[in-house]
Amino acid sequence: MSLKQNSNQDLLFSRVSRPSRYLGGELGSVAKDPEAVEVYCALAFPDVYEVGMSHTGLPMLYGAVNSLDWAAAERVYAPWPDMAAELRRSDLPLCTLESRRPLATFDLLGFTLQHELCYTNLLEMLQLAAIPLRREHRDERFPLVVAGGPCAHTPEPLADFIDCAVIGDGEEAIVDLCRAIREARRKDWPRPQLLEALSRIDGVYVPSLFDVVYGQDGRIAEIRPLREGYARVRRRVLADLEGADYPVRPIVPFMNTVHNRVAVEIARGCTRGCRFCQAGYIGRPLRERSPARIAEVIARSLEHSGYDEVSLLSLSTGDYSCIGPLLKALMDRYSDDRVAVSLPSLRVGSLTGELMEEIKKVRKTGFTLAPEAGSERLRRLINKGISEEDLLCAAKEAFALGWRVIKLYFMIGLPTEEEADLDAIVDLVARVKQAGKGSPGGADVNVSVSTLVPKPQTPFQWQRQIGIEETLARQQALRDKLRRKKLRLKWHEAQLSFVEGIFARGDRRLAAVLERALALGCRFDSWREHFRFDLWQQAFADCGLDPEFYLRERSVEEILPWDHIDCGVSRQFLRDEWNKALRGAATPDCRDGGCSGCGVCDFAEVRMRYADQDVTTARVEAAASDESAEAGAEQPQKIRLWVSKRGRGRFVGHLEFMTLFHRAVRRARIPVRYSGGFHPTPQISFPDALPTGVESEAEIIDVKLCRPVLADSLAALLNSQLPEGFAVERAAAVPWKTPAPSLSIEETTYCLPLGAEAPVDLAERIERFLAAEEVFAMRLKKGRPQPVEVRCGVADVQWRDGALWLHLTSGSPTLLAGYLLDLPPEETAVRGLRKTAVRLVGDLPGPLNGESPARNLSSIHCLSGDERL
C-alpha cells in the first residue's frame, strides 16, 4: 500500500468510533512474506470486529491455512456503518487487517456465516471491495467467494452470490480448496474449470452446477444437477478432534471483545436429539477431545494470550464425559493464578452434585437454564428430556451455592402450542423463584423468550413458523402474566425472527430481495439499532415476493430448497422424529441409550468418539507443565515505567491500552500485586487518558509488585510481550508511597510539526490566545457542537523550529491545537501531534521540549534499577 493510502487510512481512523477495530497487528496475528505466498485467503466475518473475534471457528481456519508454507490467511470483518461511509467517501477499498491488501486481490474470500441476519453485511463487504455481487459477473480475475459455517447447510438464498460453500467441518476442506486454487493458478484454469474441480472435493457445494426449476404454484418442481454423480453434496466431517491441530497462540485484540477469554472447544456434536436444534443435527456425531489435550491447549493459550478466563465450549459442556474431574483439575491448577473457568452451555440434566460443587467456584455472573417449554407435554414434543422436578432441583442448588439471579430461556411458537402451554411458562418461572426463597442474599429470576424458527435439517423443517401478529400477541400475554407475579420478561423481536425464518427456509429467488434490501440501506440486521423492517417490507414488495410463502407449513413430499444438501441425517429419520414428537415419544440419548439410527455414522471413521474417563488432576497438571509461582513472604515494590505509544498504536483508546498492558503483564509472568476483596484486580496505575490518535513518548505507569524485580529486567520482559507500537522506554524503582501517575504529573508537553503548512499568522494567533483570560473552542458531543474553555489549562504555547509546542496542566491538546490552527481536533492528531514529555511533582522548572521522557524524579527519590525496598 502506498504512503498516501496509509495516510488516508490514518485519517479514517481519526473519524470513526473505536478505530482499534481496523488496526491489525495484534499479538498472535500472522503476516507472511509475500515472496513465499502462492495462494492468498481472506477469512471474512460479516459482523463487527468484536463479535467476529469472539468466534472460535475462524481461528481454526486461520491456523490451518497459515500452517501451509505456500498459503496465507488474513482477516477482515464488516466495517461499522461509520467506517463503511468513510471508505465510500474516500474511495478506498475494504482491506484485510494483516497486510492491508484489498479484498479484490485475494484468491479466496471465505465468509463464515453464523446466522441469516448477516447476509446483507456479506453483500456490503463485496460491494466495498469492488467485487461484483453476483457470481455470473465474476471470472478468474476476482477471488473465489466461499461460504461456510452453520448457514452454509441451507445456502440457497446466497446461491447467486457465492461460488461455492463448504458444508460441514472446514479445517481440512479449506486446505483442499487452497490446493485446488494453487493448481488452477499454475495451470491457468478458467473459473468454470476450477469450479468443476472444487465440486469433486468432499463437502464442497457449487451452486452453478445445479439448476432449480419452479412450478406454477411457486414450489420447487426439480433440483437438477448439471454434473453426473453430483446429485447431493455430503457434509464434510472431521472424524477425530484429538488428532486435529488447535490454535494455541490466540490473536489478542487491542479492544475488549464480546468474549475476552481463552475459548477451548472440548467437544463437537451433541447426542441429546432436541428436535428444534439445527446445531445438534448438523454437528453429529459427537467427538470429544481428551482432558490431557484440553489442558495442554489451555496452558499454552493462557501463556500466549494473557487472558484471565477460560471457557470450555461445546453444545452441551455438562455432557462431556470427564467434565467433573476435568473441571476440578483445572480449578485446582489455576485458582492461585486467578484464572476463572466458565461453562457457557449447561443442561439441566447434566448438573450433577459433583459438577455443581465445582461450578460454585466460578465467577457468579449469571446462571442460565433452558427448559425451552413450560409444559411437560411440549418438552416431550421437543425431546428435551428434563422434568420440572429436575429444573427446580437445579435452581434450588444454584441459589444455595450463591447465585442470586437465574435466567430461564423459553421458546414460543412450538408446534401444537396452546394457551395452556404459555400459562405453564408463567407457573414454572414462579416455582423457580419460589425455590430460591430463604437463600442468603435473595433470589431473582429473569425470563427470556424467542420465537421458534423451524430450521432445515431438523424434524420441524416441515412445520409452519408463526407470524408477527401471533408472536406479538403471545409475547404480550406472557408479559402481562409475568408482570402480575413481579417477574421480568425479555423477548426477541418478532420482526427479526420473521426475517430470519424467511432466509433460513428460503430459496434462490430471495437473492433479488437481498440485493434490493442492500440498495435500500439494510445492514447489520441483527443489531436492533440498525434493523429496518420497513425497508425489508419494501424490498419484498419491489421484488414481487410474498414473505409469508417461506414461513408456511410444507408437505413431507414437497421438494425443499435444501434437499440436495446431505447433512448425514436421513430424511426418513427426520420424518420419524416428527411423528414421534406428535406422540410425545422420546428418542433416547445415543450416548447411553443405544444408536438411534439417524444415518450419520459409518462406524469406521465417522463415529462417536468419547474422551478417556480415566482423568486425574495429576494428568492435567502434567499436560499444563507450568511453573508454580515463587512462594514466600510478600516483599512489595513499586516500579515506574515510561511507555511510548507510536504508529498505529496511537489509535488504541485509553481503556483498550489498559487492557492491552494488563495482558502483557500476565504473559510476562510479572509478580504483580493484587487488591483485596471479592474481585481482586492488578495494582497498576495509569495516567489520565491520552486523546485517541495522539502519539506519546511519556505514558507514565506504576506497577506494584509482590516481590522485587530488577527494573531493567521488568522493562525487558514487558517489551518482549507488548505488540508493535508500544514499548517501555525506561523503568525505575520508586518509593511505595509515590503518588499515582495522574497525581504526579504537573505539566505535559505536546509537539505538532507543521513546517510550511503552518498558518502565516500563527505567531499572532498564539499571542492573542495567551493574552486572553478565557478562550472557548467548539467540540462535537453526540453530534452537537459544545463550547469548551481551553485557556485555563495552558501554561505556555510556542511556535519555533517549524513546530507548535503546547505546555498543558490540563485540557485537550487536540482541541487546543485545532483552535489555533483552525482544524478539526481529530485532524491535528493525524498530522503528527505527540506527547513528548511530562513534568512530575518536584521536577526542576525549565523547558521540556526535546528532553527525554525519563526526567529527574528529585522529589520522590528515584531508586537505582537494582535497589529494593
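Just one of the listed residues (SER335, SER375, SER345) is at pLDDT 95 or above and either open to solvent by less than 10 Å² (accessible area, probe 1.4 Å) or at negative phi (or both), namely SER375.
The single residue among PHE460, PHE410 that is crowded, with 23+ Cβ neighbours inside 10 Å, touching a Pro at 6+ places or on another chain (Cβ under 7 Å) and outside any loop (DSSP other than H, G, I, E, B) turns out to be PHE410. Contact map, region 722-734: first residue within 14 Å of ARG663 (Cα to Cα) and in contact (Cβ under 8 Å) with a residue 60 or more places away in the chain, second residue among the acidic types (Asp, Glu) and open to solvent by less than 20 Å² (accessible area, probe 1.4 Å), Cβ cut-off under 8 Å, separation 6 or more or different chains; pairs are PRO723/GLU26. Scanning region 763-778 for residues that are open to solvent by 100 Å² or more (accessible area, probe 1.4 Å) and outside any helix (DSSP H, G or I) turns up GLU773, GLU774, PHE776, MET778.
Kindly indicate whether any position in region 141-151 is over 24 Å from the mean Cα position of the chain (by Cα), in a helix (DSSP H, G or I) and more than 14 Å from ALA44 (Cβ to Cβ). No - not one qualifying residue is present in region 141-151.
Residues of region 413-441 that are assigned to a loop (DSSP other than H, G, I, E, B), over 17 Å from ILE382 (Cα atoms) and open to solvent by less than 30 Å² (accessible area, probe 1.4 Å): GLY436, SER439. Answer yes or no: is there a residue in region 352-365 that is among the polar types (S, T, N, Q), touching a helix residue (DSSP H, G or I) at 6+ places or on another chain (Cβ under 8 Å) and at pLDDT below 85. For region 352-365, residues among the polar types (S, T, N, Q), touching a helix residue (DSSP H, G or I) at 6+ places or on another chain (Cβ under 8 Å) and at pLDDT below 85: present. Screening ASP702 on (1) in a strand (DSSP E or B); (2) modelled with pLDDT under 95 shows it passes everything except condition (2). Among the candidates VAL37, VAL76, VAL48, the residue that is open to solvent by less than 10 Å² (accessible area, probe 1.4 Å), out of contact with any Leu (no Cβ under 9 Å at 6 or more places or on another chain) and of a type outside the set (Asp, Glu) is uniquely VAL48.
Cβ-Cβ distances below 9 Å connect the following pairs, each with a first residue in region 227-245 that is at pLDDT 95 or above, a second residue that is among the β-branched types (Val, Ile, Thr) and assigned to a strand (DSSP E or B), and a separation of six or more residues or different chains: ALA231/ILE223; ARG232/ILE565; VAL233/VAL204; VAL233/ILE565; ARG234/ILE565; ARG235/ILE565; ARG236/VAL166; ARG236/VAL204. When region 572-600 is limited to residues that are more than 18 Å from PRO415 (Cβ to Cβ) and loosely packed, with under 15 Cβ neighbours inside 10 Å, the one that is modelled with the highest pLDDT turns out to be GLN572. Among the residues of region 715-729, those that are buried (at least 19 other Cβ atoms within 10 Å of the Cβ) and not hydrophobic (A, V, I, L, M, F, W, C) comprise GLN721, PRO723, GLY725. Name every residue in region 309-332 that is among the acidic types (Asp, Glu) and crowded, with 19+ Cβ neighbours inside 10 Å, in order of residue number. Passing the criteria: only ASP319.
Within region 440-480, the residues that satisfy the criterion of being under 30 Å from ALA400 (Cα atoms), at pLDDT 95 or above and out of contact with any Lys or Arg (no Cβ under 7 Å at 6 or more places or on another chain) are VAL449, SER450, LEU478, ARG479, ASP480.
For region 363-407, name all the residues that are under 30 Å from PHE678 (Cβ atoms), in a helix (DSSP H, G or I) and among the aliphatic types (A, V, I, L, M). If the condition is that a residue be under 30 Å from PHE678 (Cβ atoms), in a helix (DSSP H, G or I) and among the aliphatic types (A, V, I, L, M), then LEU391, LEU392, ALA394, ALA395, ALA398, ALA400 are the ones that fit.
Applying the selection to region 732-745, what residues are within 35 Å of the chain's Cα centre (by Cα) and closer than 17 Å to VAL709 by Cβ? Hits for region 732-745: nothing passes. When region 524-554 is limited to residues that are among the polar types (S, T, N, Q) and assigned to a helix (DSSP H, G or I), the one that is least open to solvent (accessible area, probe 1.4 Å) turns out to be GLN538. Within region 152-165, the set of residues being assigned to a loop (DSSP other than H, G, I, E, B) and open to solvent by less than 10 Å² (accessible area, probe 1.4 Å) comprises THR154, PRO155, ALA159, PHE161, ILE162, ASP163.
For first residues located in region 666-694 and under 30 Å from THR749 (Cα atoms) and open to solvent by less than 50 Å² (accessible area, probe 1.4 Å), partners that are among the basic types (Lys, Arg) and part of a loop (DSSP other than H, G, I, E, B) and lie 6+ apart or on another chain with Cβ distances below 6 Å form the pairs GLN683/ARG673. Residues that are among the small types (Gly, Ala, Ser) and over 18 Å from ASP712 (Cβ atoms) within region 650-674 comprise just one, GLY653. Within region 779-835, if we keep just the residues that are of a type in the set (Asp, Glu) and surrounded by 16 or more Cβ atoms within 10 Å (Cβ to Cβ), the residue that is farthest from the chain's Cα centre (by Cα) turns out to be GLU827. Each residue in region 374-413 was checked for being without any contact (Cβ under 8 Å) to a residue 24 or more places away in the chain and either closer than 20 Å to LYS490 by Cα or among the hydroxyl-bearing types (Ser, Thr, Tyr) (or both), and 1 pass. Of VAL453, VAL449, all but one fail to be open to solvent by 10 Å² or more (accessible area, probe 1.4 Å), hydrophobic (A, V, I, L, M, F, W, C) and closer than 26 Å to TRP536 by Cβ; the exception is VAL453.
Residues checked against (1) in contact (Cβ under 8 Å) with a residue 12 or more places away in the chain; (2) part of a helix (DSSP H, G or I); (3) over 29 Å from ILE181 (Cα atoms); (4) acidic (Asp, Glu):
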site	(1), (2), (3), (4)
LEU61	yes, yes, no, no
ALA64	yes, yes, no, no
ALA72	yes, no, no, no
ARG75	yes, no, no, no
PRO79	yes, no, no, no
LEU87	yes, yes, yes, no
PRO93	yes, no, no, no
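Scanning region 297-336 for residues that are touching a residue at least 60 places away in the same chain (Cβ under 8 Å), within 23 Å of GLU26 (Cβ to Cβ) and either acidic (Asp, Glu) or in contact with a helix residue (DSSP H, G or I) (Cβ under 6 Å, 6 or more places away or on another chain) (or both) returns ALA299, GLU303, GLY306, ASP308.
Conditions tested, residue by residue: (1) over 23 Å from ASP507 (Cβ atoms); (2) open to solvent by 10 Å² or more (accessible area, probe 1.4 Å).
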residue: LEU122; (1), (2): no, no
residue: LEU128; (1), (2): yes, yes
residue: ARG134; (1), (2): no, yes
residue: ASP139; (1), (2): yes, yes
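VAL48 falls short on exactly one of the conditions (1) touching a strand residue (DSSP E or B) at 6+ places or on another chain (Cβ under 7 Å); (2) modelled with pLDDT under 95, and that condition is (2). Among the residues of region 265-306, not one is buried (at least 23 other Cβ atoms within 10 Å of the Cβ), hydroxyl-bearing (Ser, Thr, Tyr) and within 22 Å of the chain's Cα centre (by Cα).
The values are calculated or read from the model by the stated rules, or taken from the named source; none is laboratory data. Remember, it's a predicted structure, so these values are computed and weren't measured experimentally. Note that we place each Cβ from the backbone using ideal geometry, even for glycine, and neighbour counts take in every protein chain shown. Note: accessible area is taken over every heavy atom of the protein model, side chains too, but ligands, DNA and RNA are not part of it. Shrake-Rupley method; radii C 1.70, N 1.55, O 1.52, S 1.80 Å.
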